[in-house]
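A quick write-up on the structure given underneath.
Just so it is clear, none of the values below were taken in a lab; they were calculated from the coordinates. As the structure is a computational prediction, the values presented were derived from the model and not from experiment. Counting neighbours? That spans all protein chains shown, and the Cβs are built from the backbone with ideal geometry, glycine included.
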Amino acid sequence: MLRELDYALVGGGLQNGLIALALRAHQPSARVGVIERGAAIGGNHTWCFHAGDLDPERARWIDPVVVTRWPGYDVAFPAHSRRLDSHYACVTSTRLAEVVTASLAVPGSELRLHTTAVEVGADRVVVRDASGTTEELRAKVVIDARGPDASPRSACGWQKFVGQEVILDTPHGLDRPMLMDATVPQLDGFRFVYVLPLGPDRVLVEDTYFSDRPYLDVGVLRERIAAYIAARGWSVARVEREEVGVLPLPWSGDAPTSVSPLVAGYGGGWFHPVTGYSFPIASRLAELIATTEPDRLFGARLDGQARAHGRQVRFAHRLNRMLFHWFASADRYRVLERFYRLSEGTIRRFYALELTAMDRARILFGRPPRGLSVRGMLGMEVA
Ligand SMILES: Cc1cc2nc3c(=O)[nH]c(=O)nc-3n(C[C@H](O)[C@H](O)[C@H](O)COP(=O)(O)OP(=O)(O)OC[C@H]3O[C@@H](n4cnc5c(N)ncnc54)[C@H](O)[C@@H]3O)c2cc1C
């Protein structure tokens, strides 16, 4: 029975899955324990990221979990369509679970499934397994990444969606993803459909909303997905998988901290407040953790990364306040339409949450999109 670890990773989701992989690459003999309350690592997700978000040399350890890569992507709005050449990539939770599980199958490391962390300290974790037995694990470094449910809820809008991975009767003919098809009727906030070609006749179609409310009627969204697929002239042979998300998009809240135990991932604020996504940020944090000696982790490098991320988060909070307060929900798409007229570099750095001062100026200044509400800017209700 394992009790002494170098790293105890609490929560086997995206953040700690990436940390486990980075540790195996950079510190092959580290004793790593992952504690996950569910039946597998990673849950039920398709995670995408802009491949340029990560340094390909430093982040080679991510390659085994990438299932598909594309040379770019498209966006479409009522008054503007564009093809972008930023590489885009996709990771599935199934692949992440396989690779992380294999990486932990070495002496000294361990994956504990169906096991809940009931106490998390700087160098100890108390866990309870499915039979109700509790045990204390000790570790040099404890990383707490228990996900969105564990984060305190601050003022926010919501990104909510239903995605269906379907097999079509005939090939779809797409060679790259449609990241935002906002030519669909604008309902319940900013609405767009996200289309990911995963094989010649396989697509993931997600109906997505940047909404004021977390409420999601899954049945209605399924119908809208079916209508979108039919409108594209495709017909569905079968639905293979479905994923549902309701992600908070905060416009206030604490900056991430760098104290021990490290609260990482979504729960620690290591995600993108405007997109609700965390892949690039989680990967960079994983890289830093794995390339720092465990005894020196809580020091200048981590502090620096937390401060830099905190600055980006504060700007992203400001963007969310503007998006959700300054524009009526039916006009929100215009903000994104204008955003997609910016340079490809600024767009890429926005998704990576690595905006420069010049990028911020480009995003904030210039001719505002139609629909900007003076009432909203003054903090009053917008219809
Ligand atoms: C359907 C969907 C699609 C998404 N698509 C993307 C995308 O394309 N790109 C992107 O970057 N992001 C995407 N996101 C967001 C992304 O999934 C989250 O930002 C990310 O999962 C956060 O990682 P995390 O490790 O902090 O939390 P999670 O991945 O949620 O992992 C937390 C883990 O902790 C476990 N846990 C909780 N409490 C305990 C406990 N007490 N003991 C033990 N284990 C515990 C949970 O079971 C879970 O496995 C998507 C989200 C959803 C819902």
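Sequence-distant contacts, meaning Cα pairs under 8 Å at least 6 residues apart, place the relative contact order of segment 56-126 at 23 percent.
Take the alpha carbon gyration tensor of segment 161-249, find the square roots of its eigenvalues, order them as a ≥ b ≥ c, and report rounded if a/c is under 1.5; if not, report prolate when a/b exceeds b/c, else oblate. Judged from the Cα gyration tensor, segment 161-249 comes out prolate (a/c at least 1.5, a/b above b/c). By the count of neighbouring beta-carbon atoms within 10 Å, fewest first, E57, E165, E119 end up ordered E57, E119, E165. With the cut-off at 1.5 for a/c, could you classify segment 88-145 from its C-alpha gyration tensor as rounded, prolate or oblate? Since a/c reaches 1.5 and a/b is larger than b/c, the shape of segment 88-145 is classed as prolate.
Amide hydrogen proximity for Y88: with H placed 1.01 Å from N in the peptide plane, the residues at 5 or more positions away or on another chain lying under 5 Å are A51, W70, G72. Extension gain for R307-N44 works out to 91.5 nm (0.36 nm per residue, less the C-alpha to C-alpha distance).
Can you classify the chain as rounded, prolate or oblate using the Cα gyration tensor, where a ≥ b ≥ c are the square roots of its eigenvalues, rounded means a/c under 1.5, and otherwise it's prolate if a/b beats b/c and oblate if not? It is prolate, given that a/c is not under 1.5 and a/b is the larger ratio. Amide H to amide H distances under 5 Å link R241 with E165, where only residues 5 or more positions off or on other chains count and H is placed in the peptide plane. Using θ = phi - 60° in the Karplus curve 6.51 cos²θ - 1.76 cosθ + 1.60, the 3J(HN,Hα) couplings for segment 172-187 round to 7, x, 8, 10, 7, x, 9, 6, 9, 9, 9, 7, 6, x, 7, 10 Hz; x is entered for Gly and Pro. For S252 and D201, a Förster radius of 51 Å and the Cβ-Cβ distance give a FRET efficiency of 0.70, rounded to the nearest 0.05.
In order along segment 273-289, phi translates into HN-Hα couplings of x, 7, 9, x, 9, 9, 4, x, 6, 5, 5, 5, 5, 4, 4, 5, 4 Hz, rounded to whole numbers, per the Karplus curve 6.51 cos²θ - 1.76 cosθ + 1.60 with θ = phi - 60° and x for Gly and Pro.
Each of K140, K160 has some number of other Cβ atoms within 10 Å of its Cβ, and from fewest to most they run K140, K160.
Residues in segment 129-146 carry Karplus couplings, in order, of 8, 5, 7, x, 6, 9, 7, 9, 10, 10, 8, 5, 10, 10, 10, 9, 10, 8 Hz; the curve used is 6.51 cos²θ - 1.76 cosθ + 1.60 with θ = phi - 60°, and Gly or Pro positions show x.
Considering only A139, A155, A59, and ranking their Cα positions along the charge dipole of segment 1-156 that arises from unit charges at the beta-carbon of Lys, Arg, Asp and Glu, the one farthest toward the positive end is A155.
Could you let me know the centre-to-centre spacing of segment 22-86 and segment 202-225, using Cα atoms, in angstrom? Each part reduced to its Cα centre gives a spacing of 23 Å.
Seen against the Cα atoms of the chain and their longest principal axis, helix 93-104 is set at about 20 degrees.
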